[in-house]
Amino acid sequence: MAAFGDGWRWAVGTLTVLPSGRFETGPTAARVMVAVAPLAVLPLALIAAIITQAGNLWGSPDLLTGLLVIGWLALATRAMHVDGLADVADGFGAGWSPERAREVLKRGDIGPMGIIALIVLLGLQAVAIGALAEQPHGWALVGGSVLLSRWAIAICCRAGIPAMPGSQLGRALAGQVPGWLAWSCAAATVAGATLLAWWAGLSPWRGAQVGLTAVLVANWLVTRARRVFGGINGDVMGAAIEVSLTMLLIGWAL
């Protein structure tokens, strides 16, 4: 029970701006942390859904609604995930060796690759959310995507994925999630997307495709990070969440 409480507070403190209190890290707490990640961001997802529906009811321009949702999610996560996305993109584009790639990733500034990644992915999210705002159950698809995308962290932390040298969060989480649990979270992402599609009146098969795409793209990013950086850190986890969210939103909007 102590490990469950620690894992829950760890998830809240890492994935949101909500106060979490002190907690102890460890293998069991790490597994709880990744398993409950969607529940930890439930308040964020609910407000994102409310903003989406409010934009539809008030007749706001689609892009305005999308930008408001993105702004809320950035505020509610301390912009850690989008910062991680920018850092990872810079590292991917700048390094001819793992050492050089890690050096670029850990810089405080944002380079051209990071700027482009932010513009493209956040732009895609804003446009997709705006399109979903016009749909009868678009608010649920937006909120559900926020929840499901957080299981990407399980893919990052599965057994066999090392921590990036010098990363405290990577050292605490990397490799701590057994393969069965990581892929159970991945399967739950696909199953959740399938049920979400059915509830919204869409084809369940389409939902399964959307969920599977999000999982595969997140896994690609983690695999590439392992090769380029030599492991994962908090930036890679944030980037995996952002690309997973983008794939989910695009999949619903198409």
Quick calc: nm separation of the 7 Å Cα→Cβ label points for Ala2 and Arg22 -> 1.3
Collect residues whose amide H, placed 1.01 Å from N in the peptide plane, falls under 5 Å from the amide H of Ala163; neighbours closer than 5 in sequence don't count. Ile232
At a 1.4 Å probe radius, carbon and sulfur cover how many percent of the accessible area of segment 117-177? 68
Pick from Phe23, Phe92, Phe229 the residue whose mean-square fluctuation is largest in a GNM of the chain, springs joining Cα atoms under 10 Å. Phe23
Taking θ = phi - 60°, what integer Hz values does the Karplus form 6.51 cos²θ - 1.76 cosθ + 1.60 yield along segment 7-21, in sequence order, with x for Gly and Pro? x, 5, 5, 4, 5, 5, x, 8, 9, 9, 8, 5, x, 10, x
Taking only Cα atoms and a 10 Å spring cutoff, compute GNM fluctuations for the chain and point out the largest among Glu24, Glu134, Glu242. Glu24
Tally Lys and Arg at +1 and Asp and Glu at -1 over the other residues with C-beta under 9 Å from the C-beta of Asp87: what net charge comes out? -1
Extended-chain gain in nm, criterion 0.36 nm per residue less alpha-carbon gap, Gln209 and Trp180: 8.3 nm
Listed values (1) 122; (2) 112; (3) 132, entry calculated as volume of the Cα convex hull per residue in Å³: (2)
Can you check what the net charge comes to around Asn219, using other residues whose Cβ is under 14 Å from the Cβ of Asn219 (Lys, Arg +1; Asp, Glu -1)? +4
So for Val82, Val120, what's the accessible-area order with a 1.4 Å probe, most first? Val120, Val82
Per residue, accessible area of the chain with a 1.4 Å probe, heavy atoms of protein chains only, in Å², comes to 43
Derived scalar couplings ³J(HN,Hα) [segment 193-208; Karplus, 6.51 cos²θ - 1.76 cosθ + 1.60; whole Hz; x for Gly, Pro]: 5, 5, 5, 5, 5, 4, 5, 7, x, 9, 5, x, 4, 4, x, 4
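The values are calculated or read from the model by the stated rules, or taken from the named source; none is laboratory data. This is a predicted model, so every value here is computed, not measured. Here Cβ is always computed from backbone atoms with ideal geometry, including for glycine, and neighbour counts include all displayed protein chains. Areas reflect the complete protein model, heavy atoms only, side chains present, ligands, DNA and RNA absent. Shrake-Rupley method; radii C 1.70, N 1.55, O 1.52, S 1.80 Å.
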